[in-house]
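K.L.:
Below: one structure in structure tokens.
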Amino acid sequence: MRLSTKGRFAVTAMIDVALRESQGPVALAAISTRHQISLSYLEQLFSKLRQQGLVESTRGPGGGYSLSRDARSISVADVIAAVDSSGPSAEDGADEAGCWMTEDLWRQLNSRMMEHMQSINLRMLADEQLAKGVEIDIKKPRKRGVFAKPKGEARATGPNSVFALGQLTGAR
């Protein structure tokens, strides 16, 4: 497994989604603003996360991404593996000259790192952020519809159609 900026950004964004999972889908634009991560970069990351079954997308107003399963069942290793699945691992360089002497060291190190990352889940990381005092902005329910309700009762004083206007003016 390879630790990269891509993996770091993916874990950060997934913690953000886990922190707000009770509020419904989280828009990538909001994550982009909160963490100063490019929106197009987040779209690429979340495409991979969705393909790996870690998040679900909701379209339309109020849409965004939510965790596809409980935050306790998604490990840091799952997130990093989802976004870095095509990159080479630490074991890929073992064939180079001189690397055979340290091959066991790198394999053991990689194994321990994987064990550690599998032991950390998103719920643990989200709870840690809450304990540090991270404040979650609570979404206010959006008003649906185009027009606001009138404040008082409105009464029309004129005719309500062209036919009523014609009758009023005596035109036939």
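The values are calculated or read from the model by the stated rules, or taken from the named source; none is laboratory data. Values in this document were obtained by computation on a predicted structure and should not be read as measured data. No Cβ is skipped: glycine too gets one built from the backbone with ideal geometry, and neighbour counts run over all protein chains shown. Keep in mind that these areas ignore ligands, DNA and RNA; they rest on the heavy atoms of the full protein, side chains included. Shrake-Rupley method; radii C 1.70, N 1.55, O 1.52, S 1.80 Å.
K.L.:
Go through segment 40-61 and count every residue that is part of a helix (DSSP H, G or I) and within 11 Å of the chain's Cα centre (by Cα).
P.N.:
Matching residues across segment 40-61 total 7.
K.L.:
Further question on the same structure: Taking segment 22-37 as the search range and keeping residues that are hydroxyl-bearing (Ser, Thr, Tyr) and open to solvent by 60 Å² or more (accessible area, probe 1.4 Å), which one is modelled with the lowest pLDDT?
P.N.:
Ser22
K.L.:
Let me ask you something else. Filter segment 112-123 down to residues that are closer than 23 Å to Arg69 by Cβ and touching a residue at least 40 places away in the same chain (Cβ under 8 Å) and give me whichever is surrounded by the fewest Cβ atoms within 10 Å (Cβ to Cβ).
P.N.:
Top of the filtered list is Ser119.
For (1) at pLDDT 90 or above; (2) acidic (Asp, Glu); (3) assigned to a loop (DSSP other than H, G, I, E, B); (4) surrounded by fewer than 10 Cβ atoms within 10 Å (Cβ to Cβ), each residue gets a yes or a no:
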site	(1), (2), (3), (4)
Asp78	yes, yes, no, no
Ala81	yes, no, no, no
Ser86	no, no, yes, yes
Leu125	yes, no, no, no
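K.L.:
What is the number of the single condition among (1) at pLDDT 95 or above; (2) more than 9 Å from the chain's Cα centre (by Cα); (3) under 19 Å from Arg59 (Cα atoms) that Val11 does not meet?
P.N.:
Among (1) at pLDDT 95 or above; (2) more than 9 Å from the chain's Cα centre (by Cα); (3) under 19 Å from Arg59 (Cα atoms), the lone unmet condition for Val11 is (3).
K.L.:
Another question, if that's okay. Can you find even one residue in segment 139-155 that is at pLDDT 70 or above and assigned to a loop (DSSP other than H, G, I, E, B)?
P.N.:
Checked segment 139-155: no residue is at pLDDT 70 or above and assigned to a loop (DSSP other than H, G, I, E, B).
K.L.:
So for segment 38-55 (the condition being open to solvent by less than 60 Å² (accessible area, probe 1.4 Å) and within 20 Å of Leu130 (Cβ to Cβ)), does at least one residue qualify?
P.N.:
Checked against the condition, which is being open to solvent by less than 60 Å² (accessible area, probe 1.4 Å) and within 20 Å of Leu130 (Cβ to Cβ), segment 38-55 yields no hits at all.
K.L.:
Of the conditions (1) within 14 Å of the chain's Cα centre (by Cα); (2) farther than 16 Å from Asn121 by Cβ; (3) open to solvent by 10 Å² or more (accessible area, probe 1.4 Å), Leu3 clears all except one; give me its number.
P.N.:
(1)
K.L.:
Pairs under 9 Å by beta carbon, first residue among the basic types (Lys, Arg) in segment 13-26, partner part of a strand (DSSP E or B), six or more apart or different chains?
P.N.:
Final answer for the pair search is Arg20/Val26; Arg20/Ser66.
Quick grid of which residues meet (1) of a type outside the set (Val, Ile, Thr); (2) on the phi < 0 side of the Ramachandran plot; (3) part of a helix (DSSP H, G or I); (4) modelled with pLDDT of 75 or more:
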position	(1), (2), (3), (4)
Glu91	yes, yes, yes, no
Ala97	yes, yes, no, no
Glu115	yes, yes, yes, yes
Glu135	yes, yes, no, yes
Gly158	yes, yes, no, no
